[in-house]
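Heads up, the thing below is written out as structure tokens.
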Amino acid sequence: LRLNMSPEMKIRVEETTQSDRIFLMIKGTPEMPMCGFSARVVRTLNKYDVQYSCLNIFEDMELTNAIKEYSNWPTTPQLYVEGELVGGCDIVEELDSNGELVSILNP
């Protein structure tokens with residue numbers, strides 16, 4: 001994976017995605033998601049009563065685009081646990097339905 005970002009931006013991406021053990025990049029906020037996929041991931045996470053930090057993509061497009069490049073995942077939402085990309089809405093819902101998400105969120 002060849003990144004076209006500055007070392008400073010790479011550090012910023014890593015600091016952001018690792019800002020909490022669980023990090024979520026969405027459209028909007030957990031209180032007011034601005035797309036259905038973001039709302040579904042927030043609803044899924046809220047079932048587990050876990051703390052997470054969040055980035056509203058509309059507040060920092062430069063950082064949002066850098067995270068998408070870094071993760072090689074072009075869409076939002078993006079869920080990270082301990083700095084590793086778990087996936088987007090479909091993957092989060094699949095992990096939830098098959099019982100794997102609980103062990104990812106609460107090791």
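Just a few scattered comments:
- Scanning the chain for GluC sites (Glu not before Pro) that sit in a DSSP loop and have at most 16 other Cβ atoms within 10 Å, the longest stretch containing none of them is 32-81.
- Candidate lysines - alpha carbon under 30 Å from Lys47, same-chain residues fewer than 8 apart omitted: Lys27, Lys68
- Region 24-107: chymotrypsin sites (Phe, Trp or Tyr not before Pro) in DSSP coil with no more than 15 other Cβ atoms inside 10 Å: Tyr48
- The chain: calculated mean residue ellipticity at 222 nm from DSSP helix runs of at least 4, using -39500 (n - 2.57): -13000 deg cm²/dmol
- 3J(HN,Hα) from dihedral phi, region 42-59, Karplus parametrisation 6.51/-1.76/1.60, rounded to Hz, x for glycine, proline: 4, 4, 5, 4, 5, 5, 9, 6, 10, 7, 8, 9, 9, 10, 7, 4, 6, 8
- Normalised per residue, the accessible area of the chain is 56 Å², obtained with a 1.4 Å probe and no contribution from ligands, DNA or RNA.
- Across Arg43, Arg12, the residue with the most accessible area heads the list, and the full order at a 1.4 Å probe is Arg43, Arg12.
- Expressed per residue, the C-alpha convex hull volume of the chain stands at 95 Å³.
- Net charge contributed by nearby residues that have their C-beta within less than 13 Å of Glu8 (K/R +1, D/E -1): -1
The values are calculated or read from the model by the stated rules, or taken from the named source; none is laboratory data. As the structure is a computational prediction, the values presented were derived from the model and not from experiment. Every residue, glycine as well, gets a Cβ built from its backbone with ideal geometry; the counts of neighbours run over all protein chains shown. Surface areas here come from the heavy atoms of the whole protein model, side chains and all, with no ligands, DNA or RNA. Shrake-Rupley method; radii C 1.70, N 1.55, O 1.52, S 1.80 Å.
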